[in-house]
Amino acid sequence: MVLGNYPAALQKLVGPAGTLRNRIVRGGGITLIGFGAGQALRLASNLIMTRLLTADAFGLMAITISLQVLMVMMSDVGINASIIRSPSATRVSFLSTAWVSQIVRGIIIALILFFFAIFLILTRTSGIFNADTVFADPRLPVFLFVIAGTSLLDGLRSVKMVLYQRELKMGRIVSLELGAQVCAIVAMLMSYSLGAGAYALVIGAAAAVTVTLFGSHLFFSGPTIGFDINRADFAEIFNFGKWLLVASIAGFITQRGDQFIFGAIMDKGTFGLYSIATIWITLVIVLFDIVQNRITFPAFSEVWRDRKEDMTRLYYRFRLVADVACFSIFLCILFFADFLFDIIYPDEYAGVVSFIKYLALVVLLLPYRILTSILLADGKGRSFMTITLIPATLMLLAPLIYRLTSVPQTIVYVASLQLATIPISWYLVRQHIKLNFLYEGWLILVAFGFIILFLNGQ
């Protein structure tokens, strides 16, 4: 990478250390170890809190996080992605522009969540929401007030963390995340012991964001980034990110729409069980997305900048690892979920395992998401948007599917939406890589086999 006459601190930070392969292996290894440690902590806290709280508390937290994610995705103009892929990220003015944009975004998210909480308070007795649903619960506005505050703090997080991610330097990032998670668990247990009840869940989330904020400024080296907006840099970020904004909204509908749909049609207890099931499936999705965002996308971006001819080879190396991992997890869910959940959950949580099996199809189809990293590495935000709009549109049909069928069949329908995007993804990446359709099709055949067996069993 040619850095030109940039500040020495920034040259040192953004200059790759070691070959791409070594950095992928090292960064990927650290990411996986960190994820494993993080999920062990999450599992421990989940098991503790399920014995302290009732299922409806987790439904409240699920809706709260879904609303926050909705705001995050509706305001996503690709700030982090721009830093990772753009050659301009070697300039301090670009980083300052990105940071100020991030701060403004955090303020907007916080205000929207705050006013929605006020709306829920003012309309509590109006009958807009069914009294048995999560949205009518008087605790939900308090959850939203706290999460609004965390959104404001998260906007102040240093973008120097993203520079480390750009060059696959994952050690400090993972260490900070694990430290924040430990603090969150301590905060949850302490607040519960002081009588916070269900609010302990959201207090823990606030603690994690606070620790991450301070850690991002104290533990990451790099240039001094101030409050400055450069018009040319902002134009580059926005022109790339405007398509990601639409894609993020569509992505939210695809990834979180089920929370709102089932939250509106299920009673609070059943929805709480479904929410716990989605937590487990989301663990796999989050791991995949972490590797995608921190390893796959930066690697494709570097190869696209320096040697485009290696894109196909790199894609199928990533696909092989992803296919084996996701297929193995899919089989484990189908054959071992009953045994595992009989051990770790009390009898009243027995319904969780059925929901997890219905959602297993999501895990099986995850490897096809790698195709989107190729498009983003080339700055094809519009193509990425096209892919995300397809499942989002189909998600809106879920209430109709529910009326015509049943809850289990609707869940399988939602879990299979990724199938509709695959042919379009192939079409859009055909100029970037050479596709092997014999290899590409095997997971699709497994998915259709699963759906046919499920329908025959109903």
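The values are calculated or read from the model by the stated rules, or taken from the named source; none is laboratory data. Predicted, not measured: the structure shown is a model, and the values here were computed from it. Ideal geometry is used to build each Cβ from the backbone, glycine not excepted, and the neighbour counts take in all protein chains shown. What goes into the accessible areas is simple: the full protein's heavy atoms, side chains included, and nothing from ligands, DNA or RNA. Shrake-Rupley method; radii C 1.70, N 1.55, O 1.52, S 1.80 Å.
Rank Leu419, Leu389 by accessible area, highest first, at a 1.4 Å probe radius?
Values: Leu419 30, Leu389 70 Å².
The residues order as Leu389, Leu419, largest area first.
So what is the relative contact order for segment 233-353, in percent, with contacts set as C-alpha pairs under 8 Å and at least six apart?
About 28 percent, as a whole number.
How high is the relative contact order of segment 319-409, in percent, counting Cα pairs under 8 Å that sit 6 or more residues apart? Write out the running numbers ahead of the final one.
Numbers: 38 pairs, mean separation 27.5, N = 91.
Once divided by the residue count of segment 319-409, the mean separation gives 30 percent.
Does a label point 7 Å from the Cα of Tyr427, set along Cα-to-beta-carbon, have any residues of segment 215-249 with amide nitrogen under 16 Å, and which are they?
Correct set: none at all.
How high is the relative contact order of the chain, in percent, counting Cα pairs under 8 Å that sit 6 or more residues apart? Show your work: numbers first, answer last.
Details: 555 pairs, mean separation 91.6, N = 458.
20 percent.
Suppose R0 equals 51 Å; then what is the FRET efficiency for Leu156 and Asn456 from their Cβ-Cβ distance, rounded to the nearest 0.05?
The value I calculate is 0.45.
Once ligands and nucleic acids are excluded and a 1.4 Å probe is used, how much of Trp442 is accessible, expressed in Å² to the nearest 10?
80
Using a 7 Å offset from the Cα along the Cα-to-Cβ direction at both Val186 and Ile229, what is the distance between the two label points in nm, to one decimal?
Distance between the two pseudo-spin positions: 3.9 nm.
Give me the 1.4 Å probe accessible area per residue for the chain, excluding ligands and nucleic acids, in Å². Could the numbers behind the result be given before it?
On the way: 20170 Å² over 458 residues.
Per residue, the chain has 44 Å² of solvent-accessible surface.
Going down the list Lys308/Lys434; Lys268/Lys357; Lys308/Lys380; Lys242/Lys434; Lys380/Lys434, which pairs span over 23 Å between their C-alpha atoms?
Those over the limit are Lys242/Lys434.
For the modelled label position 7 Å from the Cα of Val321 along Cα-to-Cβ, which residues of segment 152-195 have backbone nitrogen atoms closer than 13 Å?
168
Take Ala420 and Ile33, extend 7 Å from each Cα along the Cα→Cβ direction, and tell me the distance between the two endpoints in nm.
Going from the Ala420 label point to the Ile33 one covers 4.3 nm.
Cα-Cα pairs above 38 Å in the chain: how many percent?
22
List the residue ranges in the chain for DSSP H helices whose C-alpha atoms run 24 angstrom or more along the long axis and whose Kyte-Doolittle average is 0.5 or above.
20-52, 55-74, 92-122, 171-193, 199-218, 231-265, 268-291, 311-344
Quick one: Debye curve from the C-alpha atoms of segment 24-128, no solvent, what's log10 I(q)/I(0) at q = 0.14, 0.20, 0.22 Å⁻¹?
-0.92, -1.12, -1.14
Using Cα-only point scatterers and the Debye equation, what is log10 of I(q)/I(0) for segment 84-128 at each q in 0.16, 0.18, 0.21 Å⁻¹, rounded to two decimals?
The Debye formula, applied to the Cα set alone, gives -0.59, -0.64, -0.74.
If you average 1/r over every pair of different alpha-carbon atoms in segment 119-270 and take one over that average, what Kirkwood value in Å do you get?
18.8
Ignoring any ligand, DNA or RNA, what whole percent of the accessible area of the chain comes from carbon and sulfur when the probe is 1.4 angstrom?
About 68 percent, which is the carbon plus sulfur part of the accessible surface.
Suppose each label sits 7 Å from its Cα in the direction of the beta carbon; what would the Leu334-Asp289 distance come out to in nanometres?
Output for this residue pair reads 2.6 nm.
Counting Lys and Arg as +1 and Asp and Glu as -1, each charge on the Cβ, what is the dipole of the chain about the Cα centre in debye, to the nearest 20?
That gives the chain a dipole magnitude of about 1340 debye.
Could you please state, rounded to a whole Å, how far the C-alpha centre of segment 358-429 is from the C-alpha centre of segment 313-336?
First find each Cα centre; the distance between them is then 18 Å.
What does segment 267-395 give for Rg and for Dmax, in Å, if only its C-alpha atoms count?
17.7, 56
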